[in-house]
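Peer 1: Quick one: the structure is below, questions incoming.
Taken together, the values in this text are just the output of simple stated rules run on the coordinates, not laboratory data. The structure displayed is predicted, hence computed values, not measured ones. Glycine gets a Cβ as well: all are built from the backbone with ideal geometry, and neighbour counts include every protein chain shown.
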Ligand code: ADE
């Protein structure tokens, strides 16, 4: 998978891709993330990328020319399976969307800023408009990093224990069951006996029951889907 992220503030999200699982995925050649500064395509001496919105609404909007130029220069190099725009008015991101997008080869993510991007860019290029939740961030960069993280960890071979993505919360519309590690007794608090029994079938059904109970208590909406 290759992800090209276009932003006016790429520094904001450089570090997540230089650490931990996301770094390892890139070192293993399973994922590539490229950050592009939209200002390189800005207009004039000042590399202007934004302007006042027509109609007098408060706030700046990213102009179409730098975005068209940047996107078209990337499209000259390769075809994109999806061009995502991160925006609070997009479709809510969830594990289902993550699973679908993780199967794609080349993705582009456009990060909104200020009051967003000129509608003509959305109409012309964007295939998926995604919100990561009902709150407003100061830019789409953190949303792009969230989306990239959720996708990359699903690529086979990225996680050491391949089954661990399958047992995540939300894969099955269930939250994950509680987990324990050593020591089996700590300050008088013990680990549920079944987990130390070595009886695989019982452990499996205990985990499932716990997942179901947690989901009923915390996220009953997931069970209605
Ligand atoms: N940009 C600003 N807020 C956002 C959100 N909630 N999701 C995606 N992009 C955003």
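Peer 1: Please report how far the C-alpha centroid of segment 179-225 lies from that of segment 17-84, rounded to the nearest whole angstrom.
Peer 2: One Cα centre to the other: 43 Å.
Peer 1: Could you work out [θ]222 nm for the chain from helices alone, using -39500 (n - 2.57) per DSSP H run of at least four and dividing by all its residues? Round to the nearest 500 deg cm²/dmol.
Peer 2: After summing the helix terms and dividing by residue count, I get -9500 deg cm²/dmol.
Peer 1: Now a separate question. How long is the gain from residue 58 to residue 191 if the chain were fully straight, where each residue apart is worth 0.36 nm and the alpha carbon distance is subtracted?
Peer 2: 42.3 nm
Peer 1: So, one more: What FRET efficiency comes out for the pair residue 202/residue 94, r = Cβ-Cβ distance, R0 = 35 Å, nearest 0.05?
Peer 2: 0.65
Peer 1: Counting only DSSP beta bridges with both residues in the chain, what percent are antiparallel, rounded to the nearest 5?
Peer 2: 25 percent
Peer 1: Quick one: what do you get for the chain if you divide its Cα Rg by 2.2 N^0.38 Å?
Peer 2: Details: Rg = 21.5 Å, N = 225, 2.2 N^0.38 = 17.2 Å.
Its radius of gyration relative to the 2.2 N^0.38 Å reference: 1.25.
Peer 1: Further question on the same structure: At a 10 Å Cβ-Cβ cut-off, how would you order 70, 111, fewest neighbours first?
Peer 2: Lowest to highest Cβ neighbour count: 70, 111.
Peer 1: Could you list 154, 107, 43 so that the one with the fewest beta carbons within 10 Å of its beta carbon is first and the one with the most is last?
Peer 2: Starting with the residue having the fewest Cβ neighbours, the order is 43, 154, 107.
Peer 1: Here's a follow-up. Answer rounded, prolate or oblate for segment 169-224, using the Cα gyration tensor with square roots of eigenvalues a ≥ b ≥ c: rounded when a/c is under 1.5, else prolate when a/b is larger than b/c, else oblate. Walk me through the numbers before you get to the answer.
Peer 2: On the way: a/c = 2.99, a/b = 1.83, b/c = 1.63.
Prolate is the answer for segment 169-224, as a/c is 1.5 or above and a/b outweighs b/c.
Peer 1: Also, quick follow-up: With an 8 Å cut-off on Cα pairs and a minimum separation of 6 or more residues, tell me the relative contact order of the chain in percent.
Peer 2: It comes to 20 percent, rounded to a whole number.
Peer 1: Another question, if that's okay. Pairs of Cα atoms under 8 Å, at least six residues apart: use those to get the relative contact order of segment 169-224, whole percent.
Peer 2: Answer for segment 169-224 is 45 percent.
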